[in-house]
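The values are calculated or read from the model by the stated rules, or taken from the named source; none is laboratory data. Note that the structure is a prediction, hence the values are computed from the model and not measured. As a convention, Cβ positions derive from the backbone with ideal geometry for all residues, glycine included, and neighbour counts pool all protein chains shown. For the accessible areas, the whole protein counts, side chains as well, though only heavy atoms, and no ligand, DNA or RNA atoms are used. Shrake-Rupley method; radii C 1.70, N 1.55, O 1.52, S 1.80 Å.
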Amino acid sequence: MNIPDGVTIKVHAKVIEVEGPRGKLVRDFKHLNLDFQLITDENGNKKLKVESWFGSRKTSAAIRTALSHVENLITGVTKGYRYKMRFVYAHFPINASITNSNTAIEIRNFLGEKKVRKVDMLNGVTVVRSEKVKDELVLDGNDIELVSRSCALINQKCHVKNKDIRKFLDGIYVSEKGTILEE
């Protein structure tokens, strides 16, 4: 795969380190039976080569997976990831306050419960209230896995227990996935 300008990739024993304008991300591919190489083609462009020797169907499928992961790392260090979440409620308005310098969120009044639900974001993920849109959270970060897992943690904190979930659709759901720097 091609490596864009402004991004440097280091490969050392199946550990890939991608550095770009937004920071540095490291990912370990030691569990995959693949070879990673940095090569330069005849035009002088740097490329990342992933190959598998005598691969079964599974290992040849793993090549594309590994390339997608590296593409996500490159997008993360160049554009960053932004997920938007919306509050959904029928009667009791969900109240959320962001604490700990944008790295934690406290959810109150979910289904009128007195319980305060506290969710800490994963490393490098920030959460802010959207200024323009009512009842919207914006989660930003460089690592797509950490951003989406933080969204999942918020979503799982607001599960309706002991009710018919077809009727009680309250919760906080991901409404939009994208990058911070729009093309």
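Observations on the structure shown:
- Residue by residue, segment 66-75 carries 3J(HN,Hα) couplings of 4, 5, 5, 4, 5, 4, 5, 5, 5, 4 Hz when phi is fed to the Karplus relation 6.51 cos²θ - 1.76 cosθ + 1.60 (θ = phi - 60°); x denotes Gly or Pro.
- Cross-link reach is defined here as a Cα-Cα straight distance under 21 Å, omitting same-chain residues fewer than 8 places apart; for Lys163 the lysines meeting it are Lys114, Lys115.
- Net charge dipole, segment 5-107: roughly 260 debye, given to the nearest 20, about the Cα centre with Cβ charges of +1 for Lys and Arg and -1 for Asp and Glu.
- Highest-first arrangement of 64-71, 78-85, where packing means the average Cβ count within 10 Å: 78-85, 64-71
- Equivalent ellipsoid dimensions for the chain as semi-axes, Å, which come from the Cα gyration tensor, largest first: 39, 19, 13
- Order by protection proxy (mean Cβ within 10 Å, highest first), peptides 48-55, 170-177, 153-160: 170-177, 153-160, 48-55
- Between Arg82 and Gly178, Thr179, Ile180, the built amide H atoms are under 5 Å apart, and every one of these is 5 or more places off in sequence or on another chain.
- Measuring only protein heavy atoms, the 1.4 Å probe finds Lys30 accessible over about 120 Å².
- The count of lysine pairs in segment 1-59 that are at least 8 places apart or cross chains, and whose C-alpha atoms lie under 17 Å apart, stands at 11.
- With eigenvalues of the C-alpha gyration tensor scaled by 5 and rooted, segment 109-183, Å: 25, 14, 12
- Placing unit charges on each Cβ (+1 for Lys and Arg, -1 for Asp and Glu) gives segment 103-183 a dipole about its Cα centre, and among Thr103, Val147, His159 the Cα reaching farthest toward its positive end belongs to His159.
- List Phe92, Phe110, ordered by accessible area with a 1.4 Å probe, largest first: Phe92, Phe110
- Apportionment of accessible area to carbon and sulfur, segment 127-183, percent (1.4 Å): 53
- On a per residue basis, the convex hull of the C-alpha atoms belonging to segment 14-113 measures out at 185 Å³.
- Per residue, the chain exposes an accessible area of 62 Å² to a 1.4 Å probe, with every protein chain left in place.
- Taking θ as phi - 60° and the Karplus parameters 6.51, -1.76 and 1.60, the scalar couplings of segment 115-122 work out to 5, 9, 9, 10, 10, 8, 6, 6 Hz in sequence order, x denoting glycine and proline.
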